[in-house]
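The values are calculated or read from the model by the stated rules, or taken from the named source; none is laboratory data. Everything quoted here is computed from the prediction, not taken from an experiment. Here Cβ is always computed from backbone atoms with ideal geometry, including for glycine, and neighbour counts include all displayed protein chains. Only protein heavy atoms, including side chains, enter the accessible area calculation; ligands, DNA and RNA are left aside. Shrake-Rupley method; radii C 1.70, N 1.55, O 1.52, S 1.80 Å.
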Amino acid sequence: MDISRPLFCIFIILYVLPLWGQGENTVRDSVGNLKLTAFPIVYYLPETGLGYGALGVATFRFNKEEKDFRPSSLQLALSLTTKRQFLLFAPYELYWNRDKWRLVGELGYYKYIYNFYGAGINSLEANKETYDVTFPRLRVALLRELVPSFSTGISYELDNYMNLKFDEDGELAASAVEGKDGGTVSNIGITALFDTRDNIFHPTRGFFIQGSAHTSSGILGSSFDYRKIELDARYYQRLKGRHILAGNIFTAVSSSGTPFMSYYYIGSKRTRGFNDRRFQDKAELTTVLEYRFPIAGRFGAAIFGATGTVAENFGNLFTSTFKTSYGGGLRYILNKKEGVRLRVDYGLSDEGGNLYFTINEAF
């Protein structure tokens, strides 16, 4: 999850670099080649006030796993804000049995503030409001490789939205969207993946094409009854040396009954430059192109452009208005061996700009 859209973000490099040096250790016990990296984070968002916390990244391989195969990784982030928000989340990606098995997902607990402008690509910036919501989150997908580079398996998603608070005279209260009273999202489905990337943290060549289909119903303990389909296709091409061209196409659609908290949206790591959840609806189509290149030593940079749209259904995506953003940013290699990077991006759109500070590439 990105810590994004700051009007002002402080990254104290004099603190970070010493912590990087102290935090990266090698331990050989139940896992091999364990690398730990940790540093503080400080940011400001108008919705949350001053935010502060810490972020850590662990990369490792289970015992007997050869170094030629992918490393496992676990991130852990904790953040508090002056407006009493709280975020605790741990994305994970585990590989074993010579990459034949992978377990990916996220554990999290959020007490946070999100933007709401209304649904659709024609929502007005002037209608912006915020709502408070608290929820635990679980994401898990267990995939088995069937043939080289192609895996499939079962996936599950759980969000339990509680203590939803918004302006009773605002845009959200007047909207006909599902989920204004909160509730539980409990989805189960199948996921298929074709993955030929040479590195999970900083790919320089290969494909990543993932498709999934999920259903949510009362049988699963869900408060909502809907279905969704997603396709995430990425391609990486090494141009020369460490110069990389990366592209991403993402499209998805969900049925009627989808709670508004689960809408697809423009204003994320793919469409950097728009405010978070600036345009949202039950279907999305977004494309991104990014050029990544070295500067000196551990430092690198990237420039990117994106265009995307949302609509009420999949067919309307192709007649909808597309929104464009662009920008660039810096990269700092935290772990040379595995390619883990610190990312700081600034994205621009016709509505202004936003700063993004997080770990690893946007896609």
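Taken over segment 96-128, the criterion of being over 20 Å from the mean Cα position of the chain (by Cα), in a strand (DSSP E or B) and either without any contact (Cβ under 8 Å) to a residue 40 or more places away in the chain or buried (at least 17 other Cβ atoms within 10 Å of the Cβ) (or both) is satisfied by 96 alone. Scanning segment 307-363 for residues that are open to solvent by less than 20 Å² (accessible area, probe 1.4 Å), farther than 30 Å from residue 199 by Cα and not in a strand (DSSP E or B) returns a single hit, 317. A single member of 210, 237 is polar (S, T, N, Q), closer than 30 Å to residue 71 by Cα and surrounded by fewer than 16 Cβ atoms within 10 Å (Cβ to Cβ), and it is 237. Annotation: of all residues in segment 164-194 being in contact with a Lys or Arg (Cβ under 9 Å, 6 or more places away or on another chain) and part of a strand (DSSP E or B), the one that is most open to solvent (accessible area, probe 1.4 Å) is 164. Test residue 299 against the criterion of being at pLDDT 95 or above, of a type outside the set (Val, Ile, Thr) and open to solvent by 50 Å² or more (accessible area, probe 1.4 Å), and give yes or no. Judged against the criteria, residue 299 is a match.
Condition check: on the phi > 0 side of the Ramachandran plot and open to solvent by 70 Å² or more (accessible area, probe 1.4 Å). Does residue 83 satisfy that? So residue 83 does not fit the description; no. Consider segment 213-233 and keep the residues that are part of a loop (DSSP other than H, G, I, E, B) and either under 30 Å from residue 292 (Cα atoms) or among the polar types (S, T, N, Q) (or both). The one that is most open to solvent (accessible area, probe 1.4 Å) is 223.
The residue that is modelled with the lowest pLDDT, among those in segment 48-79 that are open to solvent by 70 Å² or more (accessible area, probe 1.4 Å), closer than 29 Å to residue 114 by Cα and out of contact with any Lys or Arg (no Cβ under 9 Å at 6 or more places or on another chain), is 52.
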